[in-house]
Amino acid sequence: MNANPTIEIDAQPYSFGLSPGRCALLVIDMQRDFLEPGGFGAMLGNDVSQLRRTIEPNRRLLAAWRAQGWLAIHTREGHRPDLSDLPPAKKIRGRTQTTIGDAGPMGRILIRGEPGQDIIPELYPAANEPVIDKPGKGAFYATDLQLILQQHGISQLVVTGVTTEVCVNSTIREANDRGYECLVPEDCVGSYFPEFHRAGLKMIAAQGGIFGWITHSDHLIKAMNVIGTS
Ligand code: TIU
């Protein structure tokens, strides 16, 4: 018997062969600054309730992933308190009165160590799960994510989190160029803009899966239940 068979996941544009042990769950930026009122997302004028539907599916998937003993990694967008990693172009973007680094209702907006920059309690990382603090939208830019994936022998990513067309899409494009196969459970990613969410998903799976595959967390969890827990 093959010691490490792939698990076939129902997906678009065609089924995804998940390799246990070589596939990591990458949860992007499920932070209070994006999902709760008063954070960066709300400051940009967005309706944060649009993102909150992703919390429960992410919670279920993360629990199933942990039960398998597979690697889960979390990211947080944010900057150093001295703003030395915040390009002025990003600081002033949007021309809002309050910008990144300024005081907000959950501490300084998008600053590492502030309550708002941390991950929501529902999806809080376990002690053994790497947390990647990233200054950009993509999770590979100016981080040690690729090094960590290499040390774990990871070649595939299940990517979840927010927002579909910004940090999730940026990360998948970066990952795809680095040779990672990316699978996205559509119910576990979300956008402030439903039309960008739909288009963001379509862009990934179009042209024969130009950036990756789209599935639903039900398909993924069902397939994981079939193999049982290790
Ligand atoms: N504004 C928006 O849609 N997203 C971000 O600024 N960051 C992430 O997507 N995490």
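Points to keep in mind about this one:
- Flag if GLY136 is farther than 26 Å from GLU36 by Cα and part of a loop (DSSP other than H, G, I, E, B): no
- Options ILE28, ILE7: the member that is of a type in the set (Val, Ile, Thr) and within 16 Å of the ligand (Cβ to nearest atom): ILE28
- Considering residues of region 31-56 that are surrounded by fewer than 17 Cβ atoms within 10 Å (Cβ to Cβ) and within 12 Å of the ligand (Cβ to nearest atom) only, the residue farthest from CYS182 (Cα to Cα): GLY45
- Scanning region 108-136 for residues that are among the aliphatic types (A, V, I, L, M), touching a Phe, Trp or Tyr at 6+ places or on another chain (Cβ under 8 Å) and on the phi < 0 side of the Ramachandran plot returns a single hit, ILE109.
- If the condition is being hydrophobic (A, V, I, L, M, F, W, C), within 16 Å of the ligand (Cβ to nearest atom) and out of contact with any Cys (no Cβ under 6 Å at 6 or more places or on another chain), then region 130-181 contributes VAL131, ILE132, ALA139, PHE140, ALA142, LEU145, VAL162, VAL166, CYS167, VAL168.
- Condition check for LEU183 on (1) within 14 Å of the chain's Cα centre (by Cα); (2) assigned to a helix (DSSP H, G or I): one failure, at (2).
- Complete set of residues in region 57-101 that are surrounded by fewer than 15 Cβ atoms within 10 Å (Cβ to Cβ), within 12 Å of the ligand (Cβ to nearest atom) and among the small types (Gly, Ala, Ser): GLY94
- Enumeration of residues in region 48-76 that are among the basic types (Lys, Arg) and in a loop (DSSP other than H, G, I, E, B): ARG53
- Residue count, region 103-113 (criterion: assigned to a loop (DSSP other than H, G, I, E, B) and in contact (Cβ under 8 Å) with a residue 60 or more places away in the chain): 3
- The condition of being more than 15 Å from the chain's Cα centre (by Cα) and either touching a residue at least 40 places away in the same chain (Cβ under 8 Å) or crowded, with 16+ Cβ neighbours inside 10 Å (or both) holds for only one of PHE140, PHE193, that being PHE193.
- Test: ASP218 is touching a His at 6+ places or on another chain (Cβ under 6 Å) and not in a loop (DSSP other than H, G, I, E, B): no
The numbers here are math on the coordinates, done by the rules we state, and not lab data. These figures come from a predicted structure and were not determined experimentally. Note that we place each Cβ from the backbone using ideal geometry, even for glycine, and neighbour counts take in every protein chain shown.
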